[in-house]
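Visitor: Quick one: structure below, then a few questions.
The values are calculated or read from the model by the stated rules, or taken from the named source; none is laboratory data. Because the structure is predicted, anything quoted here is derived from the model rather than measured. Heads up, the Cβs are rebuilt from the backbone with ideal geometry, glycines too, and the neighbour counts pull from every protein chain shown. Heavy atoms of the whole protein, side chains included, go into the accessibility calculation; ligands, DNA and RNA do not. Shrake-Rupley method; radii C 1.70, N 1.55, O 1.52, S 1.80 Å.
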Amino acid sequence: MKLAHWMYAGPAHIGTLRVASSFKNVHAIMHAPLGDDYFNVMRSMLERERNFTPATASIVDRHVLARGSRKRVVDNILRKDKEESPDLIILTPTCTSSILQEDLKNFVDRASIISDCNVIFADVDHYQVNEIQAADRTLEQVVRYYLDKSHTLDQFVTDAPSVNIIGILTLGFHNRHDCRELRRLLKDLDIRINQIIPEGGSVEDPKNLPKARFNLIPYREVGLMTAMYLNKEFGMPYVSTTPMGAVDMAECIRQIKKSLDILAAPILSSKRVDYESYIDGQTRFVSQAAWFSRSIDCQNFTGKETVVFGDATHAASITKILAREMGIRVSCTGTYCKHDAEWFKEQIKDFCDEMIITDDHAEVGDIIARVEPSAIFGTQMERHIGKRLEIPCGVISAPAHIQNFSLGYRPFLGYEGTNQIADLVYNSFALGMEDHLLEIFCGHDTKEIMTKSLSTDISPIWDPESRQELGKIPRFVRDEVKINTEKFARQKGLLNVTVEVMHAAKEALS
Amino acid sequence: MSTKIDETITFECETGNYHTFCPISCVSWLYQKIEDSFFLVVGTKTCGYFLQNALGVMIFAEPRYAMAELEEGDISAHLNDYEELKTLCIRIRKDRDPSVIIWIGTCTTEIIKMDLEGMAPKLEYEIGVPILVARANGLDYAFTQGEDTVLAVMAHRCPEQEFPIGESKETKTKTKLFPFPLLKEKKLVEYANHPPLVIFGSLPSNLVSQLDTELRRQFIKVSGWLPAQRYADLPSLGDGVYVCGVNPFLSRTATTLIRRKKCELIVAPFPIGPDGTRAWIERICPVFGIEAQSLEEREERIWESLKDYLDLVRGKSVFFMGDNLLEISLARFLIRCGMIVYEIGIPYMDKRYQAAELALLKDTCIRMCIPIPRIVEKPDNSNQIRRMRELQPDLAITGMAHANPLGARGIGTKWSVEFTFAQIHGFANARDVLELVTRPLRRNENLDNLDRTTLVRNNNEFYTSTPTPR
């Protein structure tokens, strides 16, 4: 048992559901008690989804506990099969129902005999893995399931250069924008996109995955297992360098080139792209970030320190960008992806003073308080910590708030991503003239506001009870209530405000 | 209290595949209400992530509640539950020094049959902090019923009513001690001499004082609230104490008060809307032999002040998908406002506890000359969505998961949780209910020529014909 206030990564079933609802025409069934289906709320609200989230709870209640849940689960699977005619139904328990140790796999087998669609059981240990690992695992499971099923040996690779993008997920941090940016990049490089999974992909597509010449894994949190599986089974090379920041962009593009050259099959393409000159042109002219870092604006970064925290992909990439592309000192960097600690350490060892690998936000908070950086780059939790410590924070990683599910185009990957990140970094610091002025005038508004009221009337007197009552009203509306009540009292010619007067005023004025 | 439900009210029961919040969410409002409490939710990551995400509350600096997160060792019973909880509670006592620690049992503690009730008294004795155990689990309860489970256990901790009704020793002894009448006693004169009345249901303190004032106008003194602002101030209960609820989801608490604490329950409609508030007071008054005064004019005045809103809602239709058990009361109020209610979905319906509310619903329907809407217990969301497609209501009051998709299908939506958190009780707050209800309607009228095919307006004419209250 541990005392927990907050967590960076969610429980395993969230990961499974994210994969399931990213695919087109896949329905997830949660074997869960009432109220455990809040994934629907998260997806509907954060992604502002117009469609009903394709996830239904098969409710576990007392009745089910007493009699076993097989009938209900099977009935619910068959019902969804009939109502929605999905291609695939994925059954998952939650932390709670997984303890029941029911043979859900058996339920699935039973249902799949009768159902028109395929049914699988998401095989995830709910006490061993978190949301991220479960998503990775489930994606691999779905891909493996369809490739095992197809049994096609006549897999051929495309003549033209081609790629699968694996790991774009619903509720992922800026995933939609990143995906669009990657499409643009690959088009520039004249590489055809064979499949993008799971977001927007059909489950029938995994069958065709091996046709691509290589796989691109933009985020190592989800997709790496699938890539490794495809590498092992079909010898498909994969690129897992995250194309974030100018340096890693170049590295990623060079690896793409290498991957394309690996296969013996000759590339038949109409035009040849000169990768090096593309990298050069993009880095120097399309991306403004490299130039911007050298411009006079960014002189103010001199001597500033930052703390970075996030998932392994984003924390590592941003640390590298800050340190080697923008010349900002990273005092501490860290990740909550404890399962990926080795890789993370390896990546950032030359770019920061110290590192922290933890999923306890209090520890991160303590470090930030100790370092007192000029800016933080982290998750919504670090933003919150920053608010308390009055340190600005740019959000660079999940978990994020609704502000980071922006309607506008805000990629983190690709050359446009470098611009977005440069903006984010620059705007996160209190810089330039503002910084100077703050120094000169010792902070923001220092003058105490003497009175909020403009009228010179004699204010009615509040008796102790009404004063106490006023204190109970939430602060953000208290002034309004006070003004309205006094206005009411004045209108009625009352000199004293009592609790009764307050109530009467609310009735009359609200 | 004889409230026979007319046969015309029919109850249906569906599959129970509906979306609602987990009952542990009650923590989010109860910890704010009971200022010296600490809530410890004993559950899994799934529970914690719910509190953090769906309610977005845990992020606030050091709240007075936390999760005791069960890990693999706890589930497989490798670890000693008692020792584990003891460590956590000692830490909580050290960090927060609460007057009471409330353990919230979850589905997981039910399934692994963790004996929270057995451990609590032992640990309470050992660490010297009262520990209550409420089983707010999703196996048995829905959303707001979490509060019900907490208040029911809290009722057990209320002190016994010490003095026989009628003669209050306290005041007698005090008058001997103090020759001058105390201010407090002077106030007592304002009240009629009646048996104690305790009101149950968690409301923000300004609402508590509003309802206290309403009853004081009828010379009725509220001797206490369950829960009180502080755990130490729990009201005295016992034989001869009258109790009355303000929330429709407190049937378990009501039963506990009747059976275990021997209180007399006043079955009344709930004080939501001017009609409900009036009926609530009118039910309480005669119990104490008091004739309610000037309530009719008061209700009239409130309706008068709501006129601008009523014009907006009259004739509009509404569909309750069912979420927080406030549905019957809200539907009754909205019908009285002139709206048409197609369906009242409700997770659970205690017909005895809600008898007076149901009777008022029936009367309201007769008064407004509309058929009584169907009441669907344990609704099935898929079926409801299908029915809604047929009925095309102007407004759906729904859980958060369905709001955007229904909106995209041209149905105005309002989150049911907003009614859980907004202040909707009492005369003056009827306006706030209508403010919530009319917001999507007003907004739609503001954007009324943006139908789903055009989506934007060509010219920038503003439609001033729409009455926009406030």
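Visitor: Given B:ALA292, B:VAL241, B:PRO274, which one lies farthest toward the positive end of the charge dipole of chain B, if we put +1 on the Cβ of every Lys and Arg and -1 on the Cβ of every Asp and Glu?
Guide: B:ALA292
Visitor: Which length gain, in nm to one decimal place, applies between B:ARG230 and B:ALA408 when the Cα-Cα distance is subtracted from 0.36 nm times their residue separation?
Guide: Details: separation 178, 0.36 × 178 = 64.08 nm, distance 4.48 nm.
Contour length minus the Cα-Cα distance gives 59.6 nm.
Visitor: What is the distance, in nm, between label points placed 7 Å from the Cα along the Cα-to-Cβ direction at A:LYS71 and at A:ILE114?
Guide: Taking the two extended label points, one gets 1.2 nm.
Visitor: Using the beta-carbon distance between A:ASP479 and B:ASP363 and R0 = 45 Å, what value does 1/(1 + (r/R0)^6) give for FRET efficiency, to the nearest 0.05?
Guide: On the way: r = 42 Å, r/R0 = 0.93.
The calculated FRET efficiency here is 0.60.
Visitor: Given the options A:LEU424, B:SER305, B:GLN384, identify the residue whose Cα lies farthest towards the positive end of the charge dipole of the protein assembly as shown (+1 on Cβ of Lys, Arg; -1 on Cβ of Asp, Glu).
Guide: B:SER305
Visitor: Can I ask one more? Describe numerically, in nm with one decimal, the distance between label points set 7 Å from Cα along Cα→Cβ at A:VAL286 and at B:GLU435.
Guide: 5.1 nm
Visitor: Nothing charged except the Cβ atoms of Lys and Arg (+1) and of Asp and Glu (-1): what's the magnitude of the dipole of chain B about its Cα centre? Round to the nearest 20 debye.
Guide: Working: 56 positive and 62 negative charges, 167 e Å.
Dipole of chain B, to the nearest 20 debye: 800 debye.
Visitor: Quick one: if you stick a label point 7 Å off each Cα along the C-beta vector at A:ILE296 and B:ILE90, how many nm between them?
Guide: It is 6.4 nm.
Visitor: Shape call for the protein assembly as shown from the C-alpha gyration tensor, a ≥ b ≥ c root eigenvalues: rounded (a/c under 1.5), prolate (a/b greater than b/c) or oblate? Don't jump to the answer; show the numbers that get you there.
Guide: Values: a/c = 1.83, a/b = 1.59, b/c = 1.15.
It comes out prolate by the Cα gyration axes.
Visitor: Normalise the Cα radius of gyration of chain A by 2.2 N^0.38 Å (N = residues in it) and let me know the number. Could you put the intermediate results ahead of the total?
Guide: Values: Rg = 28.0 Å, N = 510, 2.2 N^0.38 = 23.5 Å.
Compared with the compact-globule rule of thumb, chain A sits at 1.19.
Visitor: A further question follows. Determine the dipole magnitude for the range A:147-220: charges of +1 sit on the beta-carbon of Lys and Arg, -1 on that of Asp and Glu, nothing else is charged, the reference point is the Cα centre, and the result goes in debye to the nearest 20. Write down the numbers at each step before the final one.
Guide: Values: 11 positive and 10 negative charges, 31 e Å.
So the magnitude is around 140 debye.
Visitor: If exposed chymotrypsin sites (Phe, Trp or Tyr not before Pro) are those in a DSSP loop with at most 12 other Cβ within 10 Å, what is the longest stretch of chain B that has none?
Guide: Values: sites that count: B:PHE60, B:PHE462, B:TYR463.
In short, B:61-461.
Visitor: How big is D for the range A:289-438, in µm² s⁻¹ as a whole number, if Stokes-Einstein is applied with the Kirkwood radius of its Cα pairs at 10 °C and 1.306 mPa s?
Guide: 103 µm²/s
Visitor: Plugging the Kirkwood radius over Cα pairs into Stokes-Einstein for chain B, at a temperature of 4 °C and a viscosity of 1.567 mPa s, what D comes out in µm²/s?
Guide: Values: Rh = 24.0 Å.
Answer from the Stokes-Einstein relation: 54 µm²/s.
Visitor: Hey, another quick one. Going down the list A:LYS387/A:LYS482; A:LYS506/B:LYS316; A:LYS2/A:LYS71, which pairs span over 31 Å between their C-alpha atoms?
Guide: Details: A:LYS387/A:LYS482 29 Å; A:LYS506/B:LYS316 27 Å; A:LYS2/A:LYS71 36 Å.
Exceeds cut-off: A:LYS2/A:LYS71.
Visitor: If you take the beta carbon distance between B:SER294 and A:GLU500 as r and set R0 to 22 Å, what does 1/(1 + (r/R0)^6) give as a FRET efficiency, to the nearest 0.05?
Guide: On the way: r = 14 Å, r/R0 = 0.65.
Efficiency, rounded to the nearest 0.05: 0.95.
Visitor: Further, regarding this structure: Within the range B:297-401, which trypsin sites (Lys or Arg not before Pro) sit in a loop by DSSP and count at most 15 neighbouring Cβ atoms inside 10 Å? Intermediate results must be reported in sequence, preceding the final value.
Guide: Values: sites: B:ARG298, B:ARG301, B:LYS307, B:ARG314, B:LYS316, B:ARG332, B:ARG336, B:LYS351, B:ARG352, B:LYS362, B:ARG367, B:ARG374, B:ARG386, B:ARG387, B:ARG389; in loops: B:ARG314, B:LYS316, B:LYS351, B:ARG352.
Taking the range B:297-401 and a limit of 15 other Cβ atoms within 10 Å, the loop trypsin sites (Lys or Arg not before Pro) found are B:ARG314, B:LYS351, B:ARG352.
Visitor: A further question follows. Calculated FRET efficiency, B:ARG157 and A:LEU389, Cβ-Cβ r, R0 41 Å, to nearest 0.05?
Guide: Numbers: r = 40 Å, r/R0 = 0.97.
Rounded to the nearest 0.05, the efficiency is 0.55.
Visitor: Here is a further query. Charges only on Cβ, +1 for Lys and Arg, -1 for Asp and Glu: so what's the dipole of chain A about the Cα centre, in debye to the nearest 20? Before the final figure, lay out each step's value.
Guide: Values: 60 positive and 70 negative charges, 182 e Å.
Around 880 debye, computed over chain A.
Visitor: With every protein chain left in place, what is the accessible area of A:VAL395 in Å² (1.4 Å probe, nearest 10)?
Guide: It works out to around 10 Å².
Visitor: I want the local charge near B:LEU237. Using Cβ-Cβ distances under 15 Å, sum +1 for each Lys or Arg and -1 for each Asp or Glu among the other residues. Walk me through the numbers before you get to the answer.
Guide: Working: positive: B:ARG157, B:ARG259, B:ARG260, B:LYS261, B:LYS262; negative: B:GLU160, B:GLU162, B:ASP233, B:ASP239, B:GLU264.
In short, 0.
Visitor: Would you mind checking the pairs A:LYS232/A:LYS338; B:LYS307/B:LYS351; B:LYS122/B:LYS378 and listing those with alpha carbons more than 27 angstrom apart? All intermediate terms of the calculation are to be shown ahead of the outcome.
Guide: Values: A:LYS232/A:LYS338 25 Å; B:LYS307/B:LYS351 33 Å; B:LYS122/B:LYS378 38 Å.
B:LYS307/B:LYS351; B:LYS122/B:LYS378, as the Cα separations exceed 27 Å there.
Visitor: Ok, one more. Which one of A:ILE256, A:GLY365, A:THR56 is farthest out on the positive end of the charge dipole of chain A, using unit charges on Cβ (Lys, Arg +1; Asp, Glu -1) and the Cα centre as origin?
Guide: Selected residue: A:THR56.
Visitor: Taking only the Cα atoms of the range B:23-141, how large is their convex hull per residue, in Å³? Don't skip to the answer; put the middle values down first.
Guide: On the way: hull volume 11.4 nm³, N = 119.
Spelled out: Cα convex hull of the range B:23-141, divided by residues, is 96 Å³.
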